[in-house]
Structures are given as C-alpha cells and as structure tokens.
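Participant: Below you'll find the structure I mean.
The values are calculated or read from the model by the stated rules, or taken from the named source; none is laboratory data. This is a predicted model, so every value here is computed, not measured. Quick reminder, even Gly has a Cβ in these numbers, built from the backbone with ideal geometry, and neighbours come from all protein chains shown. Accessible surface is based on the protein model in full, side chains and every heavy atom, while ligands, DNA and RNA are left aside. Shrake-Rupley method; radii C 1.70, N 1.55, O 1.52, S 1.80 Å.
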Amino acid sequence: MGEIWTILDHDRGDLKKVSLQMMTAARKLAGELGHDMAAVFLGSGYDAAKDKLGRYGAVTVYVAESEDIDGYLVQPAVEALARMVEEKSPDVLLFASVPMGKDLASALGARLGAGVLADVVDISADGDRLVCTMAVFGGAMNTTCKIKDSPQIVCVKPNAFVAEEAPGEVREERIEVSVSDEAKKARVVERVQQEAGGRPAVEEAAIIVSGGRGLQGPENFRLVEELADVLGAAVGASRAAVDAGWYPHQHQVGQTGKTVSPQLYIAVGISGAIQHRAGMQTSKTIVAINKDADAPIFGLADFGLVGDLFKVVPALTEELKKRKGG
Amino acid sequence: MNIVVCVKRVPDTAAEKKLDPNDFTLDRDSVESIMNPVDEYGVEEALKLKEAHGGEVTILTMGPEGADKNAVRKAIALGADKGVLVTDDRLHGSDALATAYVLALALAQVEFDLCILGSESTDARTSLVPQGLGQLMGMTALTDVKQLEVKDDSITVQREEEGGYAVIEAKLPAIVSVVKGINEPRYATLKGIMGAKQKEVQVLSGDDLGIDPAMVGLEGSKTEVTEATPRPPKEQGELVKDEGEGHVKLADFLQQNKFI
Ligand SMILES: Cc1cc2nc3c(=O)[nH]c(=O)nc-3n(C[C@H](O)[C@H](O)[C@H](O)COP(=O)(O)OP(=O)(O)OC[C@H]3O[C@@H](n4cnc5c(N)ncnc54)[C@H](O)[C@@H]3O)c2cc1C
Ligand SMILES: Nc1ncnc2c1ncn2[C@@H]1O[C@H](COP(=O)(O)O)[C@@H](O)[C@H]1O
C-alpha cells in the first residue's frame, strides 16, 4: 500500500486554505487508490498548525522543522523532501500550485526524475494512475494528463477543491533535517508584507474584486477595496489599471499577470479583453459591472450589471454591509 | 557579464488553437506565433544589465524548425548579440521538465553569469521550467523576480510572494525568472530590425548537445496528455440594466449564491 502526501502550504504554521483543500482531495483519492494519507510539514511553526490538521483528517504528519527551510530559498526543503521520498517511497505528492509549491515540485521532480503536473483543477483515479485536469491556452482548452511512473507529483490550484472537515487522530513523526552548505545558496534577507488589513492575496482568494480603466484614477480603487472588504475578497486589477500606475503589478490578473479561478470574480470597469479573460475565465461565478452593454466581459458573466460603477459599487457595498449586519 | 535569455515561441493569445488529434500537441502551423509575452521582460532586463556591466546577450530557444523567427530574431532586433535554436524532431512533445533537460544541456555549452527566463509561458503556463533548470544545472534559481541588482559576483532580487515580497541574496552564476512588473520593454528600431536579418542564429540538434533520446519528446516525458477538449462556451447569465435598483438585484444574486 502506497502513501499520498500533502505538502502543506503555510506561513510559519498558519495553514493556507489550499492546504486544507488538498487534504480533502487527498482523502478522497486515498480511498480510491487504497493509499494511506499523510501530510508533510516543512519549515518552522508546527505547533500552530497541529489542531487544524487533526480537524481535516491527517493521519500521519511528517514534521520536518527547520529554520533553514525558511531562511534559504527552495533548496533546503528540496533536500529534506528528496530524502524523505527516497526513504518512504510515497506514490503521490500534492503541492499547492502557487509559486513556492511549484518551485518545490519542479525542483523535486527534476532531482528525482519524476513527472510533475502544475495548475491542476481536478483529480480522479484510473487504476493506479491519477487523471489530472487543467486549463491551458488561457482557459480556452481543458486537458487531462497522467504521470507515467511513481512518484506522481501534482500541483493543485487554490480553490479547485472545497475543504471539508473530517476529524481524525494525528500521529506525528519527526524528521531529522540536516541541511548541506550547498543548499544554502539563496539567502532570504527579509520578507516584506504589503497587503493592507489582512486582505487575502489574489492567488489564493476565494473571492476577487478587480478594477479596470473604468475607475478613471488610482484614488477610485478605494471603491473596489471597500467592496472587497465586505466580501473578504482580494483586490485584482486589469493591465490597463496597472500600467497606468493605479495599482501594483502583483494584483494584475490576466495573461501577463495572475491566472486565478476563485469561487467568485467581480470585474468592475473592465472591458474583458482576451488577455484579461485568459487569467480569469475559469472562475466559478463571474459578475461584471460596466456601463457599456456591449463590453465583452458580459459574455462570460453569470450576472451582468449595466450601469455607472460610481453609483452602483458604493450602493452595493452599503447594501451588502446592511445585509451582513442584519 | 554574459547573459543568456531563454525565450519560447507561443501561439498568439487571440488566435484559435488546434491540437493534433493523435498526440494532443499544438498544431503550430495553424496559428500565428509570438514571443511568449513575459519573455520580453527577460530580454529587456538582459539588455539593461548589458548596458550597465558590458558583456554579451545570447538568446536561446528550443522549438520546431523556424521557431527562431518571431522570438529569437525579435530579441536580436532589440539589441541581443546572438541566437541559438535547438531543434530536433525527437524533441516534439517534450513536457516542462524534458524541456528543462534540453535547455540545461544547451546552457552547459555557453559561458554565462546569469540566465534569465520568463516566469511562465502563456500556452502551458506551468512555470516549472526555471526551477527544473536550476536543479538540473546545480545552480541557484530565483523565480518570480520583480527587481534585480547585480554587484560583482552577487545578485540581490525582490521575489514576489503572496501578499508581499522577499529579498533574496545569492552568488552568480544564477538563474532567474522575471515577472512583468520588473521593467518597461523597449521597442525595436528599424535599424535593429534590418540588422537582425544579417545576424546568424546557430542551429543545434539533439546530437550536437548529446541528448539522451529516452529523456525527451512524447516518449521520454514523464507526463502524458490523454485528452484535450475546447472549453465549452459559457452561457451568458442574467444581464440587468441599472435603473437605480441594480445594486439590490446584484446583492440578491450574491446572497442567493451564498457569497454573503
Ligand atoms: C501581450 C499582452 C498581454 C496582456 N496582458 C494583460 C493582462 O495580463 N491582464 C489584462 O487585464 N490585460 C492584459 N493586456 C491588455 C488587454 O488587451 C486590455 O488592454 C486591458 O485588459 C484593458 O483593461 P481595462 O478593461 O481595464 O480597460 P478598457 O478596455 O479601457 O475598459 C474599461 C472599461 O470600463 C468601462 N467603464 C468606463 N467608465 C465606466 C463607469 N463609470 N462605470 C462602469 N464602467 C465604466 C468601459 O465601458 C470599458 O469597458 C495585455 C495585452 C497584450 C498585448
Ligand atoms: N522551449 C523553450 N525554449 C526556451 N525557453 C523556454 C522554453 N519553454 C520554456 N522556456 C522558458 O521558461 C519560462 C517558463 O516557462 P514554463 O515553465 O513553460 O511556464 C518561459 O518564460 C521561457 O523563458
């Protein structure tokens, strides 16, 4: 019987939502494949993660705590993981399909000569192989892919699965981490958090409210931020808004920005050019607010509101606040 | 300081894509191709570093015959010194890590201090190549770089991370992948475009690089595509014209769908 591992994405023990989503997917797959399920904690701050892991049904947790894993980019974690894989021969490894998870997956795959799939939005089992679905060409096509040999390394996109609780007993196994000097080549000098007020990051958020050129100036992004905050959403932006200097590039959605598929995407004053759609058209529910009834974004929208954003958005924010309060 | 920029030729975003029904690879003849848009920022960063530190900029691509046209040539027109195209029928269908394997062998033949890639390609968007390349070459790979500074033999970058960034320090030679925010690419001049036609693009085969055929192509890749289908067109939902009550209807919609 093989093992299916979830490599936890966390910030010093604060588990990202995608970790719980992956554990839910892993549990289902473990059943289908007849595998045991385990989670892998790399880095520091395990104690903060412990309780949550139990609630989402971790059976075994391999804890590889090390300051070096946080202090140097990628390589210390890859060394530790490679050693664990060689010792325990898991059949499946799930990583979060975010920059850090993909870096680890790619480096590990290259090191072990294993196959890696990224940006996976659905997984099922066919015999002993995983069948993974992903969107390519900016969401214009769906493909399914398999990995030919074991271990199968899969990067799971945030929000692809809905996390479900399944309380279970956690069995911890401490892993000795010894990091070679060779692995300490990319030193983290500092980490800078820029996101105001605990607003989620675009790549992980379940809801995104994005603003475009229709906002007419940087000061009006406030309207988008206020709407985002009532919904607990991240703030996105079109390239036109980013290139005009109204909002930082890190928030850009689209072909030359982030590819996202949140539960809900609200486009405010965005026309819906193909390069923008390429980054968001796989969102589960899409809402568009635009004064031009012919804007292409409406072609994707589950709900389109033709109107002046300067009237509609503040009124919507107030309305939602009222309903949440009552 | 010598720099290699890896660029990929990808189908134009606006073009309709066709896949080969047998092996699900892209029918590249059927669509207009462009340089992977993010790679333009890699080229620009290399040209800026060359202006500041001297040295040569080499453009490397792997792809079918003629893959240099809209990618390598364009970079040369912008100011890069030379180009290398790795092409071989046996490479057809290589996945991201098989591509990294080929690029690693090609890079082993060039003396460089820095290798720059784009953070991801628009067609497959895996972002797996840069880190895979670092691993295979035993070199530090710094991904998603939004600012970069080189001093003597060290490099300091700002790396985009969720909700912020990290400052990372490493030694050269190194590999970096860049994001769009890093710079403002220049436009080619007519003189540059004319000049690029004179320059030679070196063409290398799998044998020139000593490639193990068992590591590349559809057969050698560790992953396989088993099905590809166009995404079904989305049905347009409700369209409401605001006549003063639009926000209430939208709030109803959001509430019905349990977003509040
Ligand atoms: C290689 C390449 C890569 C690109 N990558 C990206 C990318 O990653 N992301 C991206 O977004 N774009 C990208 N683009 C740019 C893209 O083509 C569009 O130019 C861009 O998306 C337009 O942004 P926008 O919708 O905000 O602006 P516009 O197209 O100008 O649309 C503004 C919209 O606001 C509406 N509006 C104006 N005033 C109001 C009002 N008061 N109330 C309501 N609505 C109003 C208008 O009706 C209009 O539809 C790329 C382009 C290229 C060539
Ligand atoms: N065939 C290729 N030839 C040269 N560079 C490539 C190739 N494929 C990918 N790259 C580089 O790797 C980056 C990331 O691509 P990917 O990992 O495919 O998303 C691209 O932006 C390119 O710089």
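Participant: With all distinct Cα pairs included, what does the Kirkwood hydrodynamic radius of the stretch B:26-106 come out to in Å, to one decimal, could you say?
Facilitator: This gives a value of 13.7 Å.
Participant: Show me the trypsin sites (Lys or Arg not before Pro) within the stretch A:239-296 that DSSP assigns to loop and that have at most 16 other Cβ atoms within 10 Å of their Cβ.
Facilitator: A:K284, A:K291
Participant: Counting other Cβ atoms within 10 Å of each Cβ, which trypsin sites (Lys or Arg not before Pro) in the stretch B:160-260 have at most 14 and sit in a DSSP loop?
Facilitator: Sites meeting the loop and neighbour criteria: B:R186, B:K199, B:K234, B:K258.
Participant: Please list, or write none, the lysines whose alpha carbon is within less than 21 Å of the alpha carbon of A:K321, excluding same-chain residues fewer than 8 places away.
Facilitator: Cα-Cα hits under 21 Å: A:K311, B:K249, B:K258.
Participant: For the stretch A:1-57, what is the accessible area per residue in Å², given a 1.4 Å probe and the full set of protein chains?
Facilitator: I get 35 Å² per residue for this part.
Participant: Next up: Roll a 1.4 Å probe over the protein chains and send me the accessible area per residue for chain B in Å².
Facilitator: 45
Participant: What are the principal axis extents of the Cα atoms in the stretch A:1-67, in Å, biggest first?
Facilitator: 35, 20, 15
Participant: Determine the shape class of the stretch B:166-260: with a ≥ b ≥ c the square roots of the Cα gyration tensor eigenvalues, call it rounded for a/c under 1.5, and otherwise prolate if a/b is greater than b/c, oblate otherwise.
Facilitator: Prolate shape, in that a/c is at least 1.5 and a/b is the bigger ratio.
Participant: Additional query: Nearest 10 degrees is fine. How inclined is helix A:309-325 to the longest principal axis of chain A, computing both from alpha carbons?
Facilitator: Approximately 60 degrees, to the nearest ten.
Participant: Which of the pairs A:K146/B:K18; A:K184/B:K74; A:K50/B:K146 have their Cα atoms more than 32 Å apart in this structure?
Facilitator: A:K184/B:K74; A:K50/B:K146
Participant: Let me ask something else. Set the Förster radius R0 to 30 Å, insert the Cβ-Cβ distance between B:H53 and B:Q202 as r into 1/(1 + (r/R0)^6), and round the FRET efficiency to 0.05.
Facilitator: Working from the Cβ atoms, E equals 0.80.
Participant: Where does the longest stretch of chain B lie that holds no GluC sites (Glu not before Pro) found in a DSSP loop with 13 or fewer other Cβ atoms within 10 Å?
Facilitator: Longest stretch, sites excluded: B:112-199.
Participant: By how many degrees, between 0 and 90 and to the nearest 10, does the Cα long axis of helix B:246-256 differ from the longest principal axis of chain B?
Facilitator: Orientation of helix B:246-256: about 80 degrees from the principal axis.
Participant: Let me ask something else. Would you mind classifying the stretch B:79-166 by shape? Square roots of the alpha carbon gyration tensor eigenvalues, ordered a ≥ b ≥ c; an a/c under 1.5 is rounded, otherwise it is prolate if a/b is larger than b/c and oblate if not.
Facilitator: Oblate, because a/c is 1.5 or more while a/b does not exceed b/c.
Participant: On to the next question. Estimate the FRET efficiency between B:A214 and A:K88 by the formula 1/(1 + (r/R0)^6), using the beta-carbon distance for r and 22 Å for R0, to the nearest 0.05.
Facilitator: 0.25
Participant: Anyone know which of A:G279, A:G138, A:G198 comes out most mobile in the 10 Å Cα GNM of chain A?
Facilitator: A:G198
Participant: On to the next question. For the stretch A:231-289, go through all pairs of different Cα atoms, get the mean of 1/r, take its inverse, and jot down that Kirkwood value in Å.
Facilitator: 11.3 Å is the Kirkwood radius here.
Participant: To test your reading of the geometry: what angle, between 0 and 90 degrees and rounded to tens, separates the Cα axis of helix A:17-33 from the longest principal axis of chain A?
Facilitator: 50
Participant: Report Rg/Rh for the protein assembly as shown, rounded to two decimals, where Rg is the Cα radius of gyration and Rh the Kirkwood radius.
Facilitator: Taking Rg over the Kirkwood Rh, I get 0.96.
Participant: Once B and A are treated as a pair rather than alone, how much accessible area drops out, both sides summed, in Å² to 100, probe 1.4 Å?
Facilitator: Protein heavy atoms only, the B-A interface buries about 7400 Å².
Participant: Using a 10 angstrom cutoff on alpha carbons, build the Gaussian network for chain B and name the most mobile of B:Q158, B:Q198, B:Q135.
Facilitator: So, out of B:Q158, B:Q198, B:Q135, the one fluctuating most is B:Q198.
Participant: Just from its helices, what would the mean residue ellipticity at 222 nm be for chain A, if runs of 4 or more DSSP H residues each count -39500 (n - 2.57) and the sum is divided by every residue, rounded to the nearest 500 deg cm²/dmol?
Facilitator: It comes out at -9500 deg cm²/dmol, rounded to the nearest 500.
Participant: Could you work out the local net charge near A:T60, counting Lys and Arg as +1, Asp and Glu as -1, over the other residues with Cβ closer than 11 Å to its Cβ?
Facilitator: Result for the neighbourhood of A:T60: -3.
Participant: Points 7 angstrom from Cα along the Cβ direction at B:I260 and A:E195: gap in nanometres?
Facilitator: Inter-label distance under the simple model: 2.2 nm.
Participant: Quick check on the stretch B:190-238: take the gyration tensor over C-alpha atoms, sort the square-rooted eigenvalues as a ≥ b ≥ c, and tell me if it's rounded (a/c under 1.5), prolate or oblate.
Facilitator: Since a/c reaches 1.5 but b/c is at least a/b, the shape of the stretch B:190-238 is classed as oblate.
Participant: Counting only Cα atoms, I'd like the Rg/Rh figure for the stretch B:122-229, Kirkwood definition for Rh.
Facilitator: 1.04
Participant: For B:K151 and A:V188, what is the calculated FRET efficiency with R₀ set at 22 Å and r taken between the beta-carbons, to the nearest 0.05?
Facilitator: Approximately 0.75, to the nearest 0.05.
Participant: Apply the Kirkwood formula to chain B: the hydrodynamic radius equals the inverse of the mean of 1/r over all pairs of different alpha-carbon atoms; give it in Å with one decimal.
Facilitator: Over chain B, the inverse of the mean reciprocal pair distance is 20.2 Å.
Participant: Right, next: With viscosity set to 1.002 mPa s and temperature to 20 °C, compute the Stokes-Einstein D of the stretch A:46-174, Rh being the Kirkwood radius across alpha carbon pairs; µm²/s, no decimals.
Facilitator: Using the Kirkwood radius from Cα pairs, D works out to 134 µm²/s.
Participant: Same structure again: Rounded to the nearest percent, how much of the accessible area of chain A (1.4 Å probe, protein heavy atoms only) is carbon and sulfur?
Facilitator: 47
Participant: Based on DSSP H runs of at least 4 residues, each adding -39500 (n - 2.57), what is the mean residue ellipticity at 222 nm of chain B after dividing by all its residues, to the nearest 500 deg cm²/dmol?
Facilitator: Mean residue ellipticity, 222 nm, calculated: -7500 deg cm²/dmol.
Participant: Test of understanding: in a Gaussian network model of chain B with alpha carbons linked when under 10 Å, which of B:T58, B:T226, B:T99 would top the mean-square fluctuation ranking?
Facilitator: Judging by the Gaussian network model, the answer is B:T226.
Participant: Just how many % of Cα pairs in the stretch A:65-115 lie over 16 Å apart, if you round to the nearest whole percent?
Facilitator: 38
Participant: Around A:A206, with a cut-off of 10 angstrom between Cβ atoms, what is the net charge of the other residues, counting Lys and Arg +1 and Asp and Glu -1?
Facilitator: After counting each charged neighbour, the total is +1.
Participant: Let me ask another. Over the stretch A:154-209, how many percent of alpha carbon pairs lie in each 10 Å bin up to the one with the longest distance?
Facilitator: Histogram of Cα-Cα distances, whole percents per bin: 13, 21, 34, 30, 2.
Participant: Based on a Kirkwood Rh over C-alpha pairs, give the Stokes-Einstein translational diffusion coefficient of chain A at 10 °C and viscosity 1.306 mPa s in µm²/s.
Facilitator: Stokes-Einstein gives a translational diffusion coefficient of 76 µm²/s.
Participant: Can you pull out the trypsin sites (Lys or Arg not before Pro) in the stretch A:34-74 whose DSSP state is coil and whose Cβ has at most 16 other Cβ atoms within 10 Å?
Facilitator: Those that pass, being in a loop and sparsely packed, number zero.
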